[in-house]
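Reviewing the structure listed below.
The values are calculated or read from the model by the stated rules, or taken from the named source; none is laboratory data. This structure is a prediction, so every number in the text was calculated from the model and none was measured. With ideal geometry, Cβ positions are generated from the backbone for all residues, glycine too; neighbour counts draw on all protein chains shown. Side chains included, ligands, DNA and RNA excluded: accessible areas come from the protein's heavy atoms. Shrake-Rupley method; radii C 1.70, N 1.55, O 1.52, S 1.80 Å.
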Amino acid sequence: MTGGGDRRRYWNTNDILSLVPKVLIAGGGLAGLAAAAALGGASFEVRVFEARPFLGGRATSYPVPGSPEEPAETIDNCQHILLRCCVNLLDFYQRLGVRRHIRFHREFYFIEPGGRVSVLRRGALPAPFHFAGSFARLSFLDNRDKLAIARGLLALRRERTRRDDLDRITMLEWLHEKRQTGRAIERFWRQVLVSAVNEDLDRMAARHGFQVFWLGFLARADSYEMGIPAVPLAELYSAAAWEKMGQVQIHMRRPVERIGPEGFVVDGRLETADHYICAMPFERLEAVGLAVPPLEHSPITGVHLWFDREITTLPHATLLDRTMQWMFNKNGGRYLQLVVSASRQLTGCSRGEIIDLAVADLRAFFPRASEARLVKAHVVKEQRATFSAAPKTESLRPGCSSAAPNLFLAGDWTRTGWPATMEGAVRGGYLAAEAVASAAGREERFVLSERE
């Protein structure tokens, strides 16, 4: 206060900092990081606690030890891709200043055993007819298959806002209802949807299949374009990416042991703030004292293969009629990553059996693989990769609020409106951030609507 009766208050730095809402976040996966980026950008003071020595959760990378003669290789735990319709994930990357590291591809390559390649790309027609030309030329489907698929896509477009049973029936039931041919189901619908939703067609709620095809393939002519990170996933969330967000502190190797409305217990000490977000995987909630939603898991298996020579020049391809579903060319056609989504059939297989299967599948598609020597290999089995997007699951997914008014939930397993994808995780983080802002008396909008 000043003298002479002047009662004006002069605020010092400590006064101002005391007015900044403080938020603690448990979990440095995509949901937790998205919430941190949104709130940090809105002038909240945020601290993130992550148990592991790296960020990104399941969407991360880490070094795999090499031989004494070779350096360690940094690999992604599994190949993660996005489509242009993933507007919140792209917004998150923009906030971190790393969107330039996403390379978009306009072609989808379908390859048959024997090596014949078909390409799906947009043409000059407007959506939803932008694929008409290349679709007509796909060699792995016959005219009967193509007619069935066209009929199915038109029905999907018509029924997506009219049916109220899409969360109660499986996608396979809907496809049979629409008289899809066996080859259309196996070579088209299954190849796209199992990889996108990480669930088999006979276990997947039809609503998720509808969402993938509507937003990813029909709503806009460019929404299908596939974005692949050009750097290891962990580099997208590196310390440099967070430097410009002075309001966000990241604490790695600091697992949260207990969560309640009074705060987080970390290293046996109580950490307090105004608001809290739990962005941990749902299977870990019980260990920290929170209720666990009755969701099931669906696995993903990634196989990393290094050869002594180039196997292919294709940047990526969906592999038809085999166990391995996708191939991604990671480096010069010599380092390839293969992915199997909803990989329950591989659960009981040994590392060696999976590698043998992967190499055999590659040889069915790429003749040069038969002449190449496998230098090394690495298998990643994510048994708890995502929640299972089964029928009647939506009602089991919690919203972002909890029983405590200052504690919120975030994750791809919360009720985001999306299946368990990177976009769904970021939406979960943004929704929790909006709830925190509202609890602090501020209305903020972080979630972006899909471009339709």
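Would you mind telling me which numbered condition in (1) more than 25 Å from residue 424 (Cα to Cα); (2) over 24 Å from the mean Cα position of the chain (by Cα); (3) open to solvent by 40 Å² or more (accessible area, probe 1.4 Å) residue 184 fails?
In the conditions (1) more than 25 Å from residue 424 (Cα to Cα); (2) over 24 Å from the mean Cα position of the chain (by Cα); (3) open to solvent by 40 Å² or more (accessible area, probe 1.4 Å), residue 184 misses (3) alone.
Going through the range 4-40 one residue at a time, which ones are open to solvent by less than 60 Å² (accessible area, probe 1.4 Å) and modelled with pLDDT under 95?
Passing the criteria: 6, 15, 20.
Just checking, does the range 355-365 include any residue being basic (Lys, Arg) and touching a His at 6+ places or on another chain (Cβ under 9 Å)?
Checked against the condition, which is being basic (Lys, Arg) and touching a His at 6+ places or on another chain (Cβ under 9 Å), the range 355-365 yields no hits at all.
Do we have residue 413 as within 30 Å of residue 174 (Cα to Cα), touching a residue at least 40 places away in the same chain (Cβ under 8 Å), touching a strand residue (DSSP E or B) at 6+ places or on another chain (Cβ under 8 Å) and crowded, with 22+ Cβ neighbours inside 10 Å here? Don't jump to the end; show me each part of the working.
On the way: within 30 Å of residue 174 (Cα to Cα): yes; touching a residue at least 40 places away in the same chain (Cβ under 8 Å): yes; touching a strand residue (DSSP E or B) at 6+ places or on another chain (Cβ under 8 Å): yes; crowded, with 22+ Cβ neighbours inside 10 Å: yes.
Taking the combined requirement at face value, the residue satisfies it.
Take the residues of the range 421-446 that are in contact with a helix residue (DSSP H, G or I) (Cβ under 8 Å, 6 or more places away or on another chain) and assigned to a loop (DSSP other than H, G, I, E, B): which is least open to solvent (accessible area, probe 1.4 Å)?
If we take residues in the range 421-446 being in contact with a helix residue (DSSP H, G or I) (Cβ under 8 Å, 6 or more places away or on another chain) and assigned to a loop (DSSP other than H, G, I, E, B), then 446 is least open to solvent (accessible area, probe 1.4 Å).
Going by what's in this entry, would residue 292 be described as open to solvent by less than 70 Å² (accessible area, probe 1.4 Å) and either without any contact (Cβ under 8 Å) to a residue 60 or more places away in the chain or aromatic (Phe, Trp, Tyr) (or both)? Before you say what the answer is, go through the steps one by one.
Numbers: open to solvent by less than 70 Å² (accessible area, probe 1.4 Å): yes; either without any contact (Cβ under 8 Å) to a residue 60 or more places away in the chain or aromatic (Phe, Trp, Tyr) (or both): yes.
Yes; evaluated as a whole, the condition is true for this residue.
Looking at the range 238-258 only, could you name the residues that are assigned to a loop (DSSP other than H, G, I, E, B), modelled with pLDDT of 90 or more and open to solvent by 80 Å² or more (accessible area, probe 1.4 Å)?
Across the range 238-258, the qualifying residue is only 253.
Within the range 149-181, track down each residue that is among the charged types (D, E, K, R), assigned to a helix (DSSP H, G or I), without any contact (Cβ under 8 Å) to a residue 60 or more places away in the chain and open to solvent by 30 Å² or more (accessible area, probe 1.4 Å).
Residues satisfying the conditions are 151, 158, 173, 177.
Of everything in the range 141-158, what is under 11 Å from residue 214 (Cα atoms) and of a type in the set (D, E, K, R)? Give them in sequence order.
Within the range 141-158, 157, 158 qualify.
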